[in-house]
1. Compare the peptides 248-259, 348-359 by average per-residue count of other Cβ atoms within 10 angstrom and give them in order, highest first.
2. Per-residue counts of other Cβ atoms within 10 Å, averaged by peptide: what ranking do you get for 395-402, 323-330, 375-382, 299-306, highest first?
3. Let me have the relative contact order for the chain, percent, based on Cα pairs under 8 Å that are six or more residues apart.
4. Need the list of lysines near LYS333 for cross-linking: C-alpha distance under 25 angstrom, and skip anything on the same chain fewer than eight residues off.
5. Just to be sure I understand the model, the point goes 7 Å from the Cα along the line to the Cβ. What's the resulting ALA38 to ALA223 distance in nm?
6. Roughly what % of Cα-Cα distances in the chain sit above 34 Å, to the whole percent?
7. Report, by chain and number, residues whose modeled amide H sits under 5 Å from the one on ARG424, excluding near sequence neighbours (fewer than 5 apart, same chain).
8. Want the number for LEU101 to ARG232: 0.36 nm per residue separation, take away the alpha-carbon distance, what's left?
Amino acid sequence: MADDTDLRTLPPGPKGPNALTAMRFLLRGPHFLEACHARYGDAFTIRLNTGRTVVIVSDPAVVKEIFQAGGDDLHAGAGNVVLKPILGARSVLLLDGPEHLRQRRLMLSPFHGERMRAYGETMRAVAERHVSAWPVGRDFSVHPTMQAITLEIILRTVFGVEEQARVERLAEPMKRLLNSTDQPARLLLLQFTRSAGAKPRSPWGRVYALMAPVDALIHEEIAARRADPEPRDDILSLLLAARDEDGNGLTDAELRDELMTLLLAGHETTATALAWTVERLVRTPRVLRRLREELESGDSTDYLDATIKEALRLRPVVPGVIRQLQRPLTIGKLELPAGVHIAPSIYLVHRRPDVYPDPVAFRPERFLGDDAPGTYEWLPFGGGIRRCLGASFALYEMRIVLETVLRRATLETTDAESEPVKRRFVTYTPRDGGRVRVRQLAPAQSPAPAVHA
């Protein structure tokens, strides 16, 4: 860690106790970031009660430098250490250097484009069944439905679970675990207590108690798949078959951590992105009308793809990414000592008026034509060698689920006001879950592909 002399060269930032800064960052994230940016500019420093000193940046040119920097200079695994108690030490998000590259290469194959599209039928069937159960003429929140859809898709495509009863058996303890960090008071308790050596009745002890049955089920699935001689095309089977340059595969411990990572990163984030997209659509009728017209014409999905990208811009699920400096570096004219963290703010980059005119408006047209935002201006999946492995999977899943929603449900808003942001572990979710009303629910245009009962 840098000494106090080194830290004096960092950009200015909010004063006061580190615990207070952490609380403001955790509970009032968007407002806190906007206030700091308005006062200090494109780079500012926050100091947290965990001992971290973080330089938050929002200039795309600086973001480019960070994402193009060598993996030996900036460690993402060290930056993501807050995820370790749940994801585990062998998660690809927690590794750096050669270990990270090995694990990333082993995980790339299942997310190849052609292989990924083979899961489309399952995604559509799951979405059809859940949307068919929506109430008509009554206000409700879409976020729980989107969580149920994306969790079931993960269990069927990643874990290869086919029987509905087993899907439900696996889903329940996973939902309890993920829901354990959805309240501000719980988040504060987790932030201000240590995860290591947690006692059973402590905040982290309760999380670990909820995690134990999830771990047991994951290891049960791994063991069953290792014992199954039949070739299968789910992601767990593909991960079991993957080999590195030395012919070694993933151990059970590595598989557990990667499957937990896919559960958190591939289920919760996509569900939240879908909820935000619906929340934006019902409050922007012209976009909703144009989407329905595009789907009815069947000409293309360009506007739907642009709508998804605009929703991820305006309401990024994860507010930023973080790296820890392994040696002193100059980044964007900032002289930074070893040990500090630097964090490109996805939220602030996405709201730059010089990149996105009228940045708070919901305009999918920004992503049509030749003037679409560049690589370092649209960052919902991070960037560089640490870009999210499941980005294509998530975008494809969002497209299929939204197509299903738009074809089946005539949606309207319950409130013209935008929903505020609520922090849920590491994600920004709609405070009220994306409240909507279904005016009419159309019958399925064709029978949904079968899902095994």
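1. My ranking of the peptides, most packed first, is 248-259, 348-359.
2. Details: 395-402: 22.0, 323-330: 17.5, 375-382: 20.0, 299-306: 15.6.
Ranking, from highest mean packing down: 395-402, 375-382, 323-330, 299-306.
3. 26 percent
4. Output for LYS333: LYS15, LYS64.
5. Roughly 5.7 nm, to one decimal.
6. Values: 34190 of 102378 pairs.
That fraction is 33 percent.
7. Counting only residues 5 or more places away or on other chains, the set is THR429.
8. Contour length minus the Cα-Cα distance gives 44.6 nm.
Computed from the coordinates by the stated procedures, all read-outs in this text should not be read as laboratory data. Predicted model, so just to flag it, every value in this text is computed and none were measured. In this analysis, Cβ positions are derived from the backbone assuming ideal geometry, glycine residues included, and neighbour counts consider all displayed protein chains.
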